[in-house]
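Presented below is the structure to which this report refers.
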Amino acid sequence: MKSIRELYRIGTGPSSSHTMAPRRAAQRFVDRNRAAARIDVTLYGSLAATGRGHLTDVAILDTISPVTKCNIVWEPTIFLPFHPNGMKFEAFDAAGNRTDQWIVYSVGGGELAEEGAQRTASDEVYSMSTMTEILQWCERTGRSYWEYVEECEGSEIWDFLAQVWNTMCSAVERGLDREGVLPGPLNLRRRANSYHVRATGYKSNLQSRGLVFSYALAVSEENASGGEIVTAPTCGSCGVVPAVLYHLKKSRDFSDARIFRALATAGLIGNIVKHNASIAGAEVGCQGEVGVACAMAAAAANQLFGGLPAQIEYAAEMGLEHHLGMTCDPVCGMVQIPCIERNAYAAARALDANLYSAFTDGIHRVSFDRVVEVMKQTGHDLPSIYKETGEGGLARTWTDPV
């Protein structure tokens, strides 16, 4: 299992699969073909179907056009067998001869992969890759999940997580301050500011929930407008973990060190799903994005409140289990409707999962690993129109009567 540095990626939205990864791929290809007279990029399947709404073409052109001419070809009905998010880069000389070709895939969370090869990320750093064996390690050694992260990643991981946390906080605070309409044809008004103002007028529980909503909306709206965020585990689900941790930091005054440890545990949860299933909406639907984010946030919150390893595992299990089957159906191919609201609801659900688990001894029938298996199978069973193609579910409301 790879480093959580590959899960928490700092970059600009609105999509880790459709914006971050294509930008990285374009940069890699243009770097090795700077003498090319032209570069053609063909986008396949889900990457092509919702690419315009996710600014895929903007990310690629911004990277290649300053160096050489670039053409983009859209093939939304052609799905390459390895993964729904396929890209083909071709370089040509001045005479029109092809000098280089590269087929690569955006496999979720901003990561790239080549068919038949290892994913283009860091080396394997974790010897254990299931929640069950890591939980058994915790119970055997008396240590916690974040200590396993530190053992595998080294003490330098804390500097990285400090950067992650600072970026998350900045996204919340920028999003709370901004007003207006998000870019795109939906004319969706930003709501984080108004939610935050209204929440402060309530007392106790209602205020708490309203603030969590506002923090999740703030980050998600920053993502939708192309602002800097952290994939947790993706751009489309980037508001959940920051909302929960920012709220607990503000309301309970947890130290930065404890927040970093919670981020380490959340990253471990996301990593387990990424390694054993998928976090790509094009592959398994929104259960792999918002569902996994909810599990990460629930585990992080439970750890902050002193949960035992078994209780933390239970909180994560509930966070994911109750998102099973969630489709990825962005209206107009944009990470706005229903994505932004889903982040807010998942943040609240993460806190509920934490509370529910805190009332138990952590013993339950369905393990987190089992839910990950079910999520993977459910994702494969979902028809492709419900996995980021913009053709099914709520995405049809743009052309169908409401």
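The values are calculated or read from the model by the stated rules, or taken from the named source; none is laboratory data. Computed from a prediction, not measured in an experiment: that's the story for all the values here. So basically every Cβ, Gly included, is an ideal-geometry build from the backbone, and we count neighbours across all protein chains shown. Surface areas here come from the heavy atoms of the whole protein model, side chains and all, with no ligands, DNA or RNA. Shrake-Rupley method; radii C 1.70, N 1.55, O 1.52, S 1.80 Å.
Summary table below
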quantity	calculated
Of the criteria (1) more than 25 Å from LEU382 (Cα to Cα); (2) open to solvent by less than 20 Å² (accessible area, probe 1.4 Å), which one ASN85 fails	(1)
Complete set of residues in the stretch 1-44 that are touching a helix residue (DSSP H, G or I) at 6+ places or on another chain (Cβ under 7 Å), of a type in the set (Gly, Ala, Ser) and over 23 Å from ALA266 (Cα atoms)	ALA26
Which listed residue, of ARG396, ARG370, is at pLDDT 95 or above, open to solvent by 80 Å² or more (accessible area, probe 1.4 Å) and of a type in the set (Lys, Arg)	ARG370
Residues that are more than 22 Å from LYS249 (Cα to Cα) and open to solvent by 20 Å² or more (accessible area, probe 1.4 Å), drawn from the stretch 138-149	GLU139, ARG140, THR141, GLY142, ARG143
Condition broken by LEU186, with the remaining ones in (1) touching a residue at least 60 places away in the same chain (Cβ under 8 Å); (2) open to solvent by 20 Å² or more (accessible area, probe 1.4 Å); (3) farther than 22 Å from ALA395 by Cβ satisfied	(3)
Matching option when the condition is more than 21 Å from CYS286 (Cα to Cα), in contact (Cβ under 8 Å) with a residue 40 or more places away in the chain, out of contact with any helix residue (DSSP H, G or I) (no Cβ under 8 Å at 6 or more places or on another chain) and open to solvent by 30 Å² or more (accessible area, probe 1.4 Å), among SER225, SER155, SER170, SER194	SER170
Checking MET131 against (1) touching a residue at least 12 places away in the same chain (Cβ under 8 Å); (2) surrounded by fewer than 16 Cβ atoms within 10 Å (Cβ to Cβ), the condition it does not meet	(2)
Which listed residue is under 20 Å from the mean Cα position of the chain (by Cα) and among the charged types (D, E, K, R), from ARG174, ARG191	ARG174
Subset of the stretch 322-362 [at pLDDT below 95, in contact with a Ser or Thr (Cβ under 7 Å, 6 or more places away or on another chain) and of a type in the set (A, V, I, L, M)]	VAL331, VAL335
Subset of the stretch 30-54 that is at pLDDT 95 or above and open to solvent by 50 Å² or more (accessible area, probe 1.4 Å) - its residue that is nearest to GLY390 (Cα to Cα)	ARG38
Test for ALA199: is it over 21 Å from the mean Cα position of the chain (by Cα), open to solvent by less than 10 Å² (accessible area, probe 1.4 Å) and not aromatic (Phe, Trp, Tyr)	yes
Selection from the stretch 29-59 of residues that are without any contact (Cβ under 8 Å) to a residue 60 or more places away in the chain and within 22 Å of the chain's Cα centre (by Cα)	LEU43, TYR44, ALA48, THR56, ASP57, VAL58, ALA59
Residue check for ALA257: modelled with pLDDT of 95 or more, in a helix (DSSP H, G or I) and within 19 Å of SER129 (Cα to Cα)	no
Given (1) over 18 Å from GLU341 (Cα atoms); (2) at pLDDT 95 or above; (3) among the basic types (Lys, Arg), index of the condition ARG189 fails	(1)
Close pairs (6 angstrom Cβ cut-off, 6 or more residues apart or separate chains): of a type in the set (D, E, K, R) in the stretch 95-112, surrounded by 15 or more Cβ atoms within 10 Å (Cβ to Cβ) and part of a loop (DSSP other than H, G, I, E, B) anywhere	ASP100/ASN33; GLU111/ALA121
Where ILE78 falls short, out of the listed (1) open to solvent by 50 Å² or more (accessible area, probe 1.4 Å); (2) under 24 Å from GLY45 (Cα atoms); (3) out of contact with any Gly (no Cβ under 9 Å at 6 or more places or on another chain); (4) among the aliphatic types (A, V, I, L, M)	(3)
